[in-house]
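As structure tokens, the structure follows; a few thoughts come after it.
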Amino acid sequence: MVQYQSTRGHKERLSFEDVILSGLAPDKGLYLPDSLTIDNLNHLTEEDLSYEDFVKTIFIALDKNSARYVDDLSLYSGFENSPEPVLKDLNDTTIVMELFHGPTKSFKDYALQPLGAIADKRLSELGERGLVLVATSGDTGSAAIQAVKDSDNIDIVVLHPENKISDYQRKQMTSVIKDNVFNIAVEGSYDDCQRIAKEILSDNPFERRIISLNSINWLRVMGQVSYYVWLTKQFTSPINVAIPSGNFGNAYSAWFGRSHGLKINQIMCTTNVNDVLKRFIDSGILEPQTTKPSVAPSMDIQIPSSLERLIYDFESDASSFYQDLSENKKGTLSEGSREKLQHIFSSQTFDDEKIKEEIKTFNDLFSIVFDPHTVTSLRMAIDINSSVPTVAVATASPEKFSNVISPLIEDFPVSEIDKDEDFDTLEPQKDLIIESIKARFS
């Protein structure tokens with residue numbers, strides 16, 4: 001039976017039922033499966049399935065105990081049309097995979113719709129009402145809200161950095177006015193939101209179960225691995241993937257798939273001015289700096305949570321790395337791990353002016369408007385010198401960033417959400433946020 005262990009060595013093991021509703025491990029590590037019942041993801045599904053049934057097959061292959069949760073659930077109820085990703089050829093070797101046709105026009109829907117449905121079912125089994133806590137750099141929050149807003153078993157709190165996401169992104173969250181939804185604008189960065197969320201998840205000051213839908217939840221990886229399995233089955237040859245990277249969950253899912261048989265050669269992680277991943281890949285040293293606002297806010301991150309699972313995979317234990325990061329403000333891979341990292345991963349940084357330039361360039365070349373995140377992956381995909389196809393992952397609809405795009409592209413309409421909003425604005429202090437949550441859901 002698959003069990004889930006901490007990246008930092010804590011001896012407790014969780015079952016699939018437990019990991020559904022888990023946050024951080026007691027030692028503040030992330031959970032990973034300790035074994036897998038599969039040898040090669042690439043050969044899992046040969047029959048012709050709908051995308052939803054395909055994903056169910058992947059979940060069950062990754063852990064057979066997920067069958068009782070996914071078999072009878074609608075995993076993508078928020079999608080108006082089929083959730084199957086859309087592929088578009090740009091030239092002989094460059095393809096775009098569009099992952100923004102869900103309810104919030106972001107790739108986050110692909111993992112959070114199933115996770116929300118499964119978490120709701122598990123809480124119903126337990127007869128409990130759970131409290132979901134999410135930190136967001138722009139897209140996770142709205143996707144999490146859409147996944148659980150109609151639940152009878154879940155209240156949700158979303159922390160977003162005040163004035164550091166687009167108006168459209170904010171209103172996607174704050175205009176969902178329901179008794180079980182609470183939005184908080186934190187007067188700080190995304191990393192402040194993430195730090196506070198992790199501390200609350202670890203301490204749990206509430207007299208109820210507290211749940212993470214951030215990428216620290218293992219089921220997020222399962223949902224994202226599924227579209228990489230699907231993607232590789234569309235090609236007869238190996239492929240490269242180029243991914244706009246913030247919290248590293250999407251890139252880790254590609255790595256996990258690659259580690260278990262998917263025909264993925266190179267994984268390219270693009271960054272904006274918050275280039276912590278570029279510096280990490282180039283040097284093997286994770287050294288966060290001050291988060292800077294940018295026109296690609298979903299990548300405005302300096303401490304990418306999901307990177308911890310990759311470090312565990314390379315080092316077999318992430319505890320010393322993160323102890324060094326905590327004590328010395330930087331963590332360092334061993335030389336052997338750094339060499340393995342650089343054999344597979346590469347990165348490129350795009351500042352705001354370069355991103356704006358690429359939006360215009362790609363519109364001129366292909367008559368397609370891409371969002372500020374996707375153009376970074378597309379540029380890296382086009383520029384790579386490779387004999388195999390390279391897939392650029394399109395993570396968000398350009399509609400969400402019309403504030404950036406409209407001044408650049410003539411006649412590109414400004415998209416607005418003209419609805420009332422409901423949110424609190426608080427300083428980045430854990431105790432203030434805890435008291436506010438208690439007052440809201442007392």
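Kindly report the accessible area of the range 229-278 per residue (heavy atoms of protein chains, probe 1.4 Å, no ligands, DNA or RNA), in Å².
Here the per-residue accessible area is 23 Å².
Quick one: of the DSSP bridges fully inside the chain, what percent are antiparallel, nearest 5?
Antiparallel: roughly 25 percent of the beta bridges in the chain.
How many lysine pairs in the range 188-293, separated by 8 or more positions in sequence or lying on different chains, have Cα atoms less than 26 Å apart?
Total qualifying Lys-Lys pairs in the range 188-293 comes to 5.
Which order do the peptides 379-387, 218-226 come out in when sorted by mean C-beta neighbours inside 10 angstrom, highest first?
218-226, 379-387
Provide the per residue accessible area, probe 1.4 Å, for the range 34-144, rounded to a whole number of square angstrom.
39
Straight-line reach from K178: which lysines have a Cα under 22 Å away, not including same-chain ones fewer than 8 places off?
K105, K108, K121, K149, K419, K438
State whether the chain is rounded, prolate or oblate according to the following rule on the C-alpha gyration tensor (a ≥ b ≥ c being the square roots of its eigenvalues): a/c under 1.5 gives rounded; otherwise a/b larger than b/c gives prolate, and the remaining case gives oblate.
Judged from the Cα gyration tensor, the chain comes out rounded (a/c under 1.5).
If you filter the range 6-110 for GluC sites (Glu not before Pro), then keep DSSP loop positions with at most 16 other Cβ within 10 Å, what is left?
For GluC sites (Glu not before Pro) across the range 6-110 that sit outside H, G, I, E and B with at most 16 neighbouring Cβ atoms in 10 Å, the list reads E12, E46, E47, E80.
Which sequence of K105, K56 reflects their accessible areas, 1.4 Å probe, from the largest down?
My answer, sorted largest first, is K105, K56.
Evaluate E = 1/(1 + (r/R0)^6) for S124 and D422, where r is the Cβ-Cβ distance and R0 equals 35 Å; express this FRET efficiency to the nearest 0.05.
The calculated FRET efficiency here is 0.85.
As an exercise, identify the GluC sites (Glu not before Pro) in the range 160-215 lying in DSSP coil whose Cβ has no more than 10 other Cβ atoms within 10 Å.
Here the sparse-neighbourhood loop sites are E207.
For the range 1-128, what does the alpha-carbon gyration tensor say about shape, rounded, prolate or oblate, given a ≥ b ≥ c as the root eigenvalues, a/c under 1.5 as rounded, and a/b over b/c as prolate?
Taking the square roots of the gyration eigenvalues as a ≥ b ≥ c, the range 1-128 is prolate.
Just to be sure I understand: with springs between alpha-carbon atoms less than 10 Å apart, which residue in A117, A67, A135 has the highest mean-square fluctuation in the Gaussian network model of the chain?
A67
Roughly how many Å² of L24 are accessible to a 1.4 Å probe, to the nearest 10?
Looks like 30 Å² after rounding.
Shape of the range 91-190 from its Cα gyration tensor (a ≥ b ≥ c, root eigenvalues): rounded if a/c is under 1.5, otherwise prolate when a/b > b/c, or oblate?
oblate
Taking all protein chains in place and a 1.4 Å probe, what share, in percent, of the accessible surface of the chain do carbon and sulfur account for?
Roughly 41 percent of what the probe reaches on the chain is carbon or sulfur.
Identify the trypsin sites (Lys or Arg not before Pro) of the range 107-179 meeting these criteria: DSSP loop state and at most 14 other C-beta atoms within 10 Å of the C-beta.
Within the range 107-179, the qualifying trypsin sites (Lys or Arg not before Pro) (loop, at most 14 other Cβ atoms within 10 Å) are K178.
The values are calculated or read from the model by the stated rules, or taken from the named source; none is laboratory data. The shown structure was predicted, so the numbers you read here are calculated from the model rather than taken from an experiment. Heads up, the Cβs are rebuilt from the backbone with ideal geometry, glycines too, and the neighbour counts pull from every protein chain shown. Areas reflect the complete protein model, heavy atoms only, side chains present, ligands, DNA and RNA absent. Shrake-Rupley method; radii C 1.70, N 1.55, O 1.52, S 1.80 Å.
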